[in-house]
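A quick write-up on the structure given underneath.
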Amino acid sequence: MDTNNMHPVMKWVEHRLPVFSFLDHSLGTQYPTPKNLNYWWNFGSLAGLVLVIMIVSGIVLAMHYTAHVDYAFNSVERIMRDVNYGWLIRYIHMNGGSMFFIAVYIHMFRGLYFGSYQAPRELLWIIGVFILLAMMATAFMGYVLPWGQMSFWGATVITNLFSAIPLVGDSIVTLLWGGFSVDNPTLNRFFSLHFLLPFVIVGLVVVHIWALHVHGSNNPTGIDVKSEQDTVGFHPYFTVKDFFGMGVFMIFYMFFVFYAPNFFGEPDNYIPANPLVTPPHIVPEWYFLPYYAILRAFTGDFFVYQIVSLGGLLMDAKLAGVLAMFASILLLLFMPWLDGSKVRSCSFRPIMAMAFWIFFLDCLVLGYIGGKPAEGIYITIGQFATFYYFAHLLVIVPLVSRLERPKQLPDSINASVLKAAE
Amino acid sequence: MSDTATPEQTAEIDDQSKRDFLFVSTASVAAVGTALAAWPFIDQMNPAADTLALSTTEVDLEPIEEGQSITVVWRGKPVFIRHRTAKEISEASAVKSADLIDPEGDAERVQKPQWLIMVGVCTHLGCIPLGQKSGESKGDFGGWFCPCHGSHYDTSGRIRKGPAPKNLAVPEYSFLSESKVKIG
Ligand code: HEM
Ligand code: FES
C-alpha cells in the first residue's frame, strides 16, 4: 500500500498497526476477485450482516430479559408492550433467526451446485458446516428463552433425543437439564450459552474468511483464476454489489418485521409454558423441519432402519432416528471426498446438476413433511424422502461424479465472460 | 570402529531418553491435571443440592375413588396415580409377555395392585400421554395414549404400539401408611 499520500494520522497508525493495508488486502482494491461472480455469491455477506444484526438486537434484548421460569414469559411481553421500541427490536431478532437460516441455506446450496467445497477449499467448507451446527444450537436455545409452550416442549423433545444414547443417555439428559425435567436451571444455562455462542460463531466466521482468502472465491465456472485478466479488485466492484444485495435483502427482511412479524412463528409460543400439558402438535422452527422429518422417519418398520440395525438387533428405532438426524448434517463434512469429479461447477456436469435439483426438492419435501403430523401418507413420503437424502449423498454423488464425463470447460474465466457477452 | 558408539554419542542418547521421559511425564501430569480441573466445570451442570432436596413428594390417596386418576408433580414432572378397577387389573395381568414390546409383568410394576403409580412422561420423546381425564383418549389398550407420535400404553402403563421403546417408568415410592405414599 502506498503510504506516502496518506493522512498523517493514518500514516502514524499504519506504521504501528497496519490496519489500512490489511483492509485493502482483505476487502479492498488489492483483493483480486473472479470477475464473473453471480448473485448467489452475495449470500455470504448477507449472512454476515444478519449475524451483526442478531448480536446488536440480542444484546439489547438481554438488557430487558429475565432468565427465570416465573418471569421469562412476562419479561418478553414487557419488551413487546412497555419497553420503548421493544416490539421492533424483538421482531428484528425473532425474524433475524429465520433470515440467518435463509441466507446460510442458500449460501450452502450455492456451494453444493458450484462445487465450492472441492480442493483447495475443503477446510473452508468444513468450517462452514461447523458454523451451521453452532447456529442451530444458538437458535434452538434462543427459542427456549421466551418460555412459551413451544419453547418448553421443543426443549423437552430435543433434549430427550440424548436419552436414546445407550447406557449413559439418561445421565446426559439430567446433566443437560440440571434437574429432572426442563426447568429453571435449564433456562438459565440456555440463556448463558445463547449469549455466548454467537461470539463463537464470529470466531468461526473469522477463520472461515481467513481460509477463503488463501485461495480466493470459487466462481460459476468452477475453474481456477489463471491471470490478472480473470479478476477485478474487490473494492469497488464487489463492495458495491454486496451493498446492493444488502439493500434488497433488508427490504425482504423488514417486510416480515413490519407486516408479518409472526409469519415464521408458532401461535402456541404465546401461551406460557405449562409442564403438565403437551400441545397437540409439536413442531420445531421451520429451519429444523427437514431434520425433524428424518428423525421421525425411523419407525420399527422403516426398511432403512431394518437394514442399518440388522433387523432391529443393533439399536432401537429411536436411537437410529437420532443418529440419522445428526448424520444428515455431519455427512456434509465429507462432501469434498464424496464428490470425486475433477470439475467443480455443475454448469459443466448436466447429470450432476439434475441430481442437485432433485436433492434440493427432496430437502423441501422433508421440510414439508416435518411440519405435518406423523400419520398416514406423510409417514410414507417422509421415509422415502429420508431414504433419498442419504442415497443422494452416499450413492448418487460418489457414482455420478466419478462416471459422468463433464462438458468442455472454457479456457479461462475471462474467456467465458467474453463469450457470454457476445 | 563404526559399530560401537563413541562416548559422546552414548551420552547424547542417554540424554535423549531422559528428555523423552521428562517430556512424556510432564505432558501426562498436565493432561491428568486438566481433566481433574475440568470435572467441577462439568459436574456443576448436574442437579444442585436444593434441586435434589425438593425431590420427594407426599400424596394422600384417600380421596381417589376406584376408576379415578390424579396427576401430581414430582421433580417437575407429572406422576400419574390411578386407582385401578378390578377389570383393569385382571386385563393387565392377563397379557402374555410375548405380546409386549418391553416385557414386564403387571405385578413387577405395582406394590399394591389397585394403585398404579408411574411417571406420566412418554418414553419416546417426553410428551405427556392423554388418558388421565375422563373424556381423553385412552388409546387402543384402554390405558394412555401419547398424541405426539402415537404411542399406546395399556392399563399397566406398558407400551403396546407406537414409537416409544419402554413402558412408562415406575418411580421409587413407599407407602407411609394405608393411604399415604411418598414418591422419590
Ligand atoms: C447467532 C445469532 C443468534 C440467533 C440465530 C438467535 C436466535 C434467537 C431466537 C430464534 C430467539 C427466539 C425469538 C422468539 O421467539 O422470541 C432468540 C431470543 C433471544 N435472544 Fe437470540 N439469537 C442470536 C444472537 C443473540 C445474541 C448475541 C444475544 C445477546 C447477547 C441474544 C439474546 C436473546 C434474548 C435475550 C432472547 C429472548 C427474547 C426473545 O425471545 O425475544 N441472541 N434468539
Ligand atoms: S413423545 Fe410420545 S409418542 Fe413421541
Picking from A:L123, A:L132, which residue would you name as being more than 9 Å from ligand 1 (Cβ to nearest atom) and more than 21 Å from A:L196 (Cα to Cα)?
A:L123
Check whether at least one residue in the range B:119-129 is assigned to a strand (DSSP E or B), crowded, with 18+ Cβ neighbours inside 10 Å and away from ligand 1 (no atom under 16 Å from the Cβ), and report yes or no.
yes
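Taking B:P113, is it under 24 Å from the mean Cα position of the chain (by Cα), of a type outside the set (D, E, K, R), surrounded by fewer than 14 Cβ atoms within 10 Å (Cβ to Cβ) and away from ligand 2 (no atom under 16 Å from the Cβ)?
On the way: under 24 Å from the mean Cα position of the chain (by Cα): yes; of a type outside the set (D, E, K, R): yes; surrounded by fewer than 14 Cβ atoms within 10 Å (Cβ to Cβ): no; away from ligand 2 (no atom under 16 Å from the Cβ): yes.
Taking the combined requirement at face value, the residue does not satisfy it.
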When the range A:135-153 is examined, which residues are found to be surrounded by 20 or more Cβ atoms within 10 Å (Cβ to Cβ) and more than 9 Å from ligand 1 (Cβ to nearest atom)?
A:Q149, A:F152, A:W153
Among the residues of the range A:168-184, is there at least one that is in a helix (DSSP H, G or I), touching a residue at least 24 places away in the same chain (Cβ under 8 Å) and either over 30 Å from B:P78 (Cα atoms) or small (G, A, S) (or both)?
no
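Quick grid of which residues meet (1) more than 14 Å from chain B (Cβ to nearest Cβ); (2) part of a loop (DSSP other than H, G, I, E, B); (3) free of Cβ contacts under 8 Å to residues at least 24 places away in the same chain; (4) within 23 Å of A:R121 (Cα to Cα):
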position: A:T299; (1), (2), (3), (4): no, yes, no, no
position: A:G312; (1), (2), (3), (4): no, yes, yes, no
position: A:V322; (1), (2), (3), (4): no, no, no, no
position: A:I329; (1), (2), (3), (4): yes, no, no, yes
position: A:L333; (1), (2), (3), (4): yes, no, no, yes
position: A:S341; (1), (2), (3), (4): yes, yes, no, yes
position: A:D362; (1), (2), (3), (4): yes, no, no, no
position: A:G367; (1), (2), (3), (4): yes, no, no, no
position: A:K372; (1), (2), (3), (4): no, yes, yes, no
Tally time: how many residues in the range A:148-182 are more than 10 Å from every other protein chain (Cβ to nearest Cβ) and small (G, A, S)?
4
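Results for (1) farther than 30 Å from A:V283 by Cα; (2) exposed (fewer than 14 other Cβ atoms within 10 Å of the Cβ), shown as yes or no for each residue.
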position: A:L331; (1), (2): no, no
position: A:P336; (1), (2): yes, no
position: A:V343; (1), (2): yes, no
position: A:F348; (1), (2): yes, no
position: A:W357; (1), (2): no, yes
position: A:D362; (1), (2): no, no
position: A:K407; (1), (2): yes, yes
Residues of the range A:255-290 classified as more than 14 Å from ligand 1 (Cβ to nearest atom), within 14 Å of chain B (Cβ to nearest Cβ), touching a residue at least 12 places away in the same chain (Cβ under 8 Å) and not aliphatic (A, V, I, L, M), total:
5
Filter the range A:154-172 down to residues that are more than 14 Å from ligand 1 (Cβ to nearest atom) and buried (at least 19 other Cβ atoms within 10 Å of the Cβ), then give me how many there are.
7
How many residues are more than 18 Å from A:G58 (Cα to Cα) and under 12 Å from the mean Cα position of the chain (by Cα) when one looks only at the range A:128-159?
6
Restrict the check to the range B:87-100 and report whether at least one residue is in contact with a helix residue (DSSP H, G or I) (Cβ under 6 Å, 6 or more places away or on another chain) and either among the aromatic types (F, W, Y) or away from ligand 1 (no atom under 16 Å from the Cβ) (or both).
yes
Matching residues, the range A:1-59, being under 25 Å from the mean Cα position of the chain (by Cα) and small (G, A, S):
A:S26, A:G44, A:S45, A:A47, A:G48, A:S57, A:G58
Looking at the range A:15-66, which of the residues that are outside any helix (DSSP H, G or I) and β-branched (V, I, T) is farthest from A:Y237 (Cα to Cα)?
A:T66
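Kindly provide the set of residues from the range B:129-138 that are within 11 Å of ligand 2 (Cβ to nearest atom) and either closer than 19 Å to B:D102 by Cα or away from chain A (no Cβ under 12 Å) (or both), ordered by number.
Within the range B:129-138, B:P129 is the sole residue that qualifies.
Here, each number is a calculation from the coordinates, and none is a lab measurement. All values reported here derive from a predicted model rather than from experimental measurement. Cβ: placed from backbone, ideal geometry, glycine included. Neighbour counts: every protein chain shown.
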